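For reference, the structure discussed in these notes is given below.
The values are calculated or read from the model by the stated rules, or taken from the named source; none is laboratory data. What you see is a predicted model, and the numbers here were worked out from it, not measured in a lab. Neighbour counts are summed over all protein chains in view; Cβ atoms, including those assigned to glycine, are modelled from backbone coordinates with ideal geometry. Heads up: the accessible areas ignore ligands, DNA and RNA and are worked out on the full protein's heavy atoms, side chains in. Shrake-Rupley method; radii C 1.70, N 1.55, O 1.52, S 1.80 Å.
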Amino acid sequence: MSKRTLPPTASIAEAGEGARLVAPSASRNVDAIGALLEHVAPPTGKALEIASGTGQHVAAFAPRIPGLLWQPTDVEDERLASIDAYAKGIKTILPARRLDATRPGWAAEYSDLSLVTLANLLHLISGPEATVLIEEATKTLGPQGRLVLYGPFMRNGKLTSEGDIRFHNSLSTQDPEIGYKNDQEIIAIIEGTGLSMIDIVEMPANNLALIAERHIT
C-alpha cells in the first residue's frame, strides 16, 4: 500500500462511465461476496470496507444490507473518485475516505463497528502488513462485530490449483514479500487478536472467506 508499489495485477481497472472504474475481478465476484454478506453480516450498525477499489463492491453490498451504514476506503485518488461515483444516490454509503490499513494506529479513527470487510488484498501485501491490518481492524469492532476476509489463500501451506501456483509465483517474482498467505497462519493471527472464528467458507474460483466475531465479555 503506501510503502510499496502494488504489482500490476493489483491495479487492473478499466475506464467506465464518468469517474467510474471497472475491475473485471470485482465484476466476477461481487454477487458471490454479496450473497455471503447477506448471511453473515450484522443487519444494522456501521460497516467499514478496507481497500474498496473501484467501488463496485460497496455499491452492490449496501442495498443488500440496508441497515448498515457503509464507510468505503482506499489509498488512491482515482479509486476514491470512482467509489463516490458508484455510491451516488445510495444514502447508506458515506463519502469515500483515504485509508492505508497497513499503517499502525489507524484504528483510532474508527470505533464500535458492526462489520469490517476486505476482499482481495492480503496476497498483495507482506506478512507483517497483513498482521497490522488484522490487528487494527479488530480494534475497531464493537461487541459481536464481525470481520470478513475474502481472497485466495494457501490451504495448510499448500497452493491447491495450477492457476493459484502461477498467480502466486508471478506475485512473488515481482516482490518476494507478497503472495498467497497460509490460511492457518491468518486464522492464528485473527484468533490472536481475541476474535473467534465462526466460519470458513469455500467461495468460487478457489477463494476463501474467513469470518470472525468479537464476543461480548
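Where the accessible area of the chain is counted over protein heavy atoms with a 1.4 Å probe, how much of it, in %, is carbon and sulfur?
Details: 5190 of 9890 Å².
Answer for the chain: carbon and sulfur cover 52 percent of the accessible area.
Taking ILE165, ILE125, ILE186 as the candidate residues, the one with maximal mean-square fluctuation in a Gaussian network model of the chain, Cα springs under 10 Å, is ILE165. Excluding ligands, DNA and RNA, the accessible surface per residue across the chain is 46 Å² with a 1.4 Å probe.
Take the Cα of LYS91, go 7 Å toward its beta carbon, and the backbone nitrogen atoms of segment 62-84 under 16 Å from that spot belong to 62-70.
For segment 7-114, applying the loop criterion from DSSP together with a ceiling of 10 other beta carbons within 10 Å to the GluC sites (Glu not before Pro) yields GLU17. Annotation: average projected area of the chain is 10.9 square nanometres, based on the convex hull of Cα atoms across all directions. Given +1 at the Cβ of Lys and Arg, -1 at the Cβ of Asp and Glu and no other charges, the dipole of the chain around its Cα centre is 260 debye to the nearest 20.
Here each label is just a point 7 Å from Cα along the line to Cβ, and for ALA32 and ASP77 those points are 3.5 nm apart. Restricting attention to segment 89-198, close to 10% of DSSP beta bridges with both partner residues there are antiparallel. Positive end of the dipole of segment 83-217, charges at C-beta (+1 Lys, Arg; -1 Asp, Glu), about the Cα centre: which of GLY192, PHE167, LEU147 has its Cα farthest in that direction? Highest projection toward the positive end goes to LEU147. The slack between SER161 and VAL201, meaning 0.36 nm per residue of separation minus the straight C-alpha distance, is 12.7 nm.
If both residues of a DSSP beta bridge must be in the chain, then about 45% of such bridges are antiparallel.
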